[in-house]
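The values are calculated or read from the model by the stated rules, or taken from the named source; none is laboratory data. These numbers were taken from a predicted model, which means no experiment stands behind them. With ideal geometry, Cβ positions are generated from the backbone for all residues, glycine too; neighbour counts draw on all protein chains shown.
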Amino acid sequence: MNILLDECVPWPMHKLLAGHTCITARQCGWGGIKNGELLRRAEGKFDIFITSDQNIRYQQNLAGRQIPIMELSTNDLRRIQAAAVLIQSAIAAIRPGEFRQLVIP
């Protein structure tokens with residue numbers, strides 16, 4: 001799976017996603033781009049967009065989007081690492097166009 005990590009997601013998280021190709025928005029040259037434009041660019045190029053931006057669902061009209069969006073409840077790397085299995089399972093289960101909030105304990 002080709003995964004786009006938002007700028008607010010810690011880069012070391014990619015180590016938890018072995019078997020997937022991960023890249024950050026900044027690595028794509030899309031640093032600082034607003035979420036709407038970022039999602040438009042990501043569609044068709046990535047299989048999933050992962051963010052910890054708690055406002056994305058309020059700031060963007062997500063209806064009609066093809067790229068699945070996973071919103072993590074935190075960007076704290078230690079908590080993300082502890083929830084690796086939960087995150088991996090959620091990525092495997094997400095469907096095109098789905099928005100999923102993932103609560104990280």
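Remarks
- Scan of the stretch 85-95 for residues that are in contact with a Lys or Arg (Cβ under 9 Å, 6 or more places away or on another chain) and touching a residue at least 12 places away in the same chain (Cβ under 8 Å), ordered by number: Ala90, Ile94
- No other residue among Ala42, Ala92, Ala25, Ala83 is among the small types (Gly, Ala, Ser) and out of contact with any strand residue (DSSP E or B) (no Cβ under 9 Å at 6 or more places or on another chain) apart from Ala92.
- Scanning the stretch 52-105 for residues that are of a type in the set (S, T, N, Q), out of contact with any Pro (no Cβ under 6 Å at 6 or more places or on another chain) and more than 16 Å from Lys15 (Cα to Cα) returns Ser52, Gln54, Asn55, Gln59, Gln60, Asn61, Ser73, Thr74, Gln101.
- Scanning the stretch 60-83 for residues that are among the polar types (S, T, N, Q) and either touching a residue at least 60 places away in the same chain (Cβ under 8 Å) or touching a Cys at 6+ places or on another chain (Cβ under 7 Å) (or both) gives Asn75, Gln81.
- Residue count for the stretch 20-47, restricted to those that are at pLDDT below 95 and under 17 Å from Gln81 (Cβ atoms): 0
- Selection count where residues are of a type in the set (D, E, K, R) and under 17 Å from Asn2 (Cα atoms), scope the stretch 91-105: 2
- Hits in the stretch 63-80 (condition: touching a strand residue (DSSP E or B) at 6+ places or on another chain (Cβ under 7 Å) and more than 20 Å from Asn2 (Cα to Cα)): Ser73
- Any hit, the stretch 47-59, residues being in contact (Cβ under 8 Å) with a residue 24 or more places away in the chain and closer than 11 Å to Ile104 by Cβ: yes
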